Structures are given as structure tokens and as C-alpha cells.
Amino acid sequence: MERRTENTITDIEDLFAELENVSQQGFATNDEEEIGGFRAVAAPVCVDGGAVLGSVSVSAPVAYFDDKEFNNSIPTKVIRAANTIEVDYNMSL
């Protein structure tokens, strides 16, 4: 795997560990892993039965997301937005 920044995961075992962590916590983060100076948080939007319909993602320069926000409040808000879309979508079926 190609390194894009010093935070890029390049080891396959580290990648699978990160994917397991993402699965357990219900959201993914990108902490300058692809583009230096940018962070992102994403959460899946699922339909009844668990299939993934899409995702909600927020990204911004590091200066906009301090560590506390990036690790706590932003994931909570992104998950809440994804859950709201899930409920609205599943209620419309």
C-alpha cells in the first residue's frame, strides 16, 4: 500500500486492525492519512437488514477539528446524522 502521508496505514495487519475498530465503534476517521492537514469522520447509512445504503462524512482542515472535537463531538454528530437518514429512509419504504 502506498504511503501518502506519515499517517497512512501501509501494513496489512494494521489495516485489518483499523477496520475491526471501525466496525466496533460504528464510524471511521481519517487523521491526515490521505492528505496532510485534513481530517475526516464518516458513518454508514444502513437500510433495514443492515445493508449499507451510503455514508455521511465530514472533512475539514486540522485547524477546524481540534483533538477533542475530532475524537468526541464530531463522531457523535456524524453518527446522529447517519441515524436520522436511516430512520427517515426506512420509514419511507
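The values are calculated or read from the model by the stated rules, or taken from the named source; none is laboratory data. Keep in mind that what you see is a predicted model, and the values were worked out from it rather than measured. No Cβ is skipped: glycine too gets one built from the backbone with ideal geometry, and neighbour counts run over all protein chains shown. Calculation scope for accessible area: heavy atoms of the full protein, side chains included, ligands and nucleic acids excluded. Shrake-Rupley method; radii C 1.70, N 1.55, O 1.52, S 1.80 Å.
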Worksheet entry | Pick from the range 45-66, criterion of a type outside the set (A, V, I, L, M) and in a strand (DSSP E or B), ranking: farthest from F27 (Cα to Cα) | P61
Fill in: Qualifying positions in the range 1-57 - more than 14 Å from the chain's Cα centre (by Cα) and small (G, A, S)
A17, G36, G37, G49, G50, A51
Worksheet item: How many of the residues making up the range 1-31 are open to solvent by less than 70 Å² (accessible area, probe 1.4 Å), within 16 Å of N71 (Cα to Cα) and not in a loop (DSSP other than H, G, I, E, B)?
Response: 8
Worksheet entry | Matching option when the condition is touching a residue at least 12 places away in the same chain (Cβ under 8 Å) and assigned to a helix (DSSP H, G or I), among E69, E86 | E86
Worksheet, complete the sentence: Of the residues in the range 74-93 that are among the small types (G, A, S) and open to solvent by less than 70 Å² (accessible area, probe 1.4 Å), the one that is nearest to V47 (Cα to Cα) is A82
Discussion item. I need the full set of residues from the range 35-65 which are open to solvent by 80 Å² or more (accessible area, probe 1.4 Å) and not small (G, A, S), in order please.
Written reply: I35, F38, D48, V52, L53, Y64
Worksheet item: Do we have any residue at all in the range 33-44 that's β-branched (V, I, T), outside any strand (DSSP E or B) and on the phi < 0 side of the Ramachandran plot?
Response: yes
